[in-house]
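A short worksheet on the structure shown next.
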Amino acid sequence: MTKIINLLFILCITAYAVNAQEDNPVFKAAEQELTRSFKELSTQEMPPYFISYTITDKKATNISAGNGLIDVCRVQDSRIFDLDLRTGNYLFDNSHIIRGNDGSMAYMQYAELPMTNDIAALRNHIWIQTDRAYKAAIERYEKARSNKAVKVAEEDSSADFSKEKASTYFGEVKQLSIDTAAWAKRLRKLSARFNAYPDIYNSSLSLNGNLEHRIYINTEGSKISTYATGVRIMISANAKAEDGMTLPLFKDWFAYDVSGLPQDAEIEKAIDDMVKLLEALKAAPLATTYSGPCILTGEAAGVFFHEIFGHRVEGHRQKDPNSAQTFKQSIGQKILPDFLNVYFDPTKKSLAGHDLHGYYQYDEEGILGQKVTTVENGKFIGFLMNRCPIDGFPVSNGHGRKAPGYGVVTRQSNLIVEATKTIPVAKLRDSLRNEARRQGKEYGLIFEQVSGGFTFTGRQVPNSFNVTPLVVYKVYVDGRPDELVRGVDLIGTPLSTFANVIAAGDDYGVFNGVCGAESGPVPVSASSPSLLVSKIEVQKKMKSQAKLPLLPPPSVGKNP
């Protein structure tokens, strides 16, 4: 078995790039079929007024190791074809929300294309999908018209699709080289480091690399070819407390190329630190329900803003009658303290020494990525927009995003919380103690690490959020040492929580991740200074009732 795996490593060595020029046969096939289909379908009784094609070639390298053994080593190629076909006109088309239905805007259609440069074969597949999309568009358009006729007047009377200038852009060809044999050897060795620790329930160390080449064309004249690269190392490990609670921790590094990833010594230290923290968490007391002041460290504050703010400023949600539309009537109103600004900037490649995962040149509707300020001096001033207009915001600002195979909606990019007035982080802790003392509390909380969370934005449920802390400390007002606690979720409602931010630190934390929503998983980042919040609420976390394993793991003491 070892010989077979080692041979696989040799065969998996990858160095790849794709021709991005206009004479690329994939580009030519899409362009020729787009021209033919649009021309011929224009003779139909209900012709399309807009068609776009997106072809995404992706090469993904995945290597995963656990306890000194390789679990996965694979390199996968895929080619996804998406199209957006619209009938009617810019004001009203088949994408119109059908009220009383699911409110979905994911009306695009997709298929896998063969990994070939044969123009005739590619055109044939594109033709079939275009025909299906046209028939589906006609059917949905009629349903949308009927729905509008029998429902009350709509709150938002804006158009269904914005008129935008065509763009032509052929980005630089990028390469991503990953020696999977060398990386597998490194991950195998590094993951074996966990074997010496019997308290670790399970662990893994993984490398994920992606090269994505996207071709976008539409009947308005846009022709765009872009590349995106990214590599990520992730460490994950779980311990289990005596009461059955699972205690997960994660650590990752993101870069555009393998040269930006850490050396082994840094990863080894991170593993050792993670194990020590897990051992401390096992012995840590359960936290109780709490309402009072806290500090969200930079990375935690970034995730916090992504969940409770970012999803509520995605423009298409303001048009959905099922959405709570938290900030639709808040233009010009103060929602945060005047020392905070919030903006989203897909053009920003790095911040505070970190590459940013939410970087891109053009969005998935062929619109140039743009910096969008949503909060200025505490006042709310605007939304993220794709080509789905809303009242007062008739055009896109380059935030129409999706994963291959999904329909485009408005999504976040690089979220950045900026403080114009800060205090040293050490003094921020003093301010936490003072605020806790003022409120008559024995302690305040510091949230050091969070793993993500979720939020509700619909009208049918309470508009709340739940952020999942991993590492939380009590900071006592009487100066006792900080106490690590476990077993809480950070909960609340957005408007009341925003009103409670009272100070910002002079540090900066960056969270790189993937956000899942109705248009699929898209890369994002969230950055913020540490924030002092005068009042938050935590509740007890759910936990397993299963006992610890009766026997120690067989790998303890072994180090392959």
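Odds and ends about this structure:
- Per the listing Ala436, Ala426, the residue uniquely open to solvent by 50 Å² or more (accessible area, probe 1.4 Å), among the small types (Gly, Ala, Ser) and outside any loop (DSSP other than H, G, I, E, B) is Ala426.
- Here Tyr360 clears all of (1) open to solvent by 20 Å² or more (accessible area, probe 1.4 Å); (2) out of contact with any helix residue (DSSP H, G or I) (no Cβ under 8 Å at 6 or more places or on another chain); (3) in a helix (DSSP H, G or I) except the condition numbered (3).
- Output for region 147-163, where each listed residue is assigned to a helix (DSSP H, G or I) and open to solvent by less than 70 Å² (accessible area, probe 1.4 Å): Asn147
- When we screen Gly88, Gly103 for residues that are on the phi > 0 side of the Ramachandran plot and either modelled with pLDDT of 95 or more or of a type in the set (Ser, Thr, Tyr) (or both), the only hit is Gly88.
- Of all residues in region 517-533, none are modelled with pLDDT under 90, under 30 Å from Tyr406 (Cβ atoms), surrounded by 22 or more Cβ atoms within 10 Å (Cβ to Cβ) and within 28 Å of the chain's Cα centre (by Cα).
- The set of residues in region 257-271 that are more than 16 Å from Ala65 (Cβ to Cβ), of a type in the set (D, E, K, R) and surrounded by 14 or more Cβ atoms within 10 Å (Cβ to Cβ) contains only Asp257.
- The residue of region 362-406 that is nearest to Ala60 (Cα to Cα), among those that are touching a residue at least 40 places away in the same chain (Cβ under 8 Å) and of a type in the set (Ser, Thr, Tyr), is Tyr406.
- Some residue of region 472-492 being at pLDDT below 90, of a type outside the set (Phe, Trp, Tyr) and open to solvent by 40 Å² or more (accessible area, probe 1.4 Å): no
- Sub-7 Å Cβ pairs linking a first residue in region 257-275 that is under 14 Å from Ser203 (Cα atoms) to a second residue that is open to solvent by 10 Å² or more (accessible area, probe 1.4 Å) and of a type outside the set (Phe, Trp, Tyr), at least 6 apart or interchain, are Glu268/Arg193; Ala270/Lys251; Ile271/Arg193; Met274/Lys251; Val275/Ile200, ordered by first then second residue.
- Residue count for region 493-516, restricted to those that are under 24 Å from Arg411 (Cα atoms), modelled with pLDDT of 85 or more and open to solvent by less than 70 Å² (accessible area, probe 1.4 Å): 7.
- Test: residue in region 53-62 that is aromatic (Phe, Trp, Tyr), in contact with a helix residue (DSSP H, G or I) (Cβ under 8 Å, 6 or more places away or on another chain) and touching a residue at least 60 places away in the same chain (Cβ under 8 Å): yes
- Selected residue (criterion: most open to solvent (accessible area, probe 1.4 Å)) from residues of region 239-256 that are in contact (Cβ under 8 Å) with a residue 24 or more places away in the chain and under 30 Å from Ser350 (Cβ atoms): Phe250
The values are calculated or read from the model by the stated rules, or taken from the named source; none is laboratory data. The model shown is predicted, which means the values in this text are computed figures rather than measured ones. FYI the Cβ positions are ideal-geometry reconstructions off the backbone, even for glycines, and counts take in every protein chain you see. The protein model used for the area step is the full one, side chains on, heavy atoms only, and it has no ligands, DNA or RNA in it. Shrake-Rupley method; radii C 1.70, N 1.55, O 1.52, S 1.80 Å.
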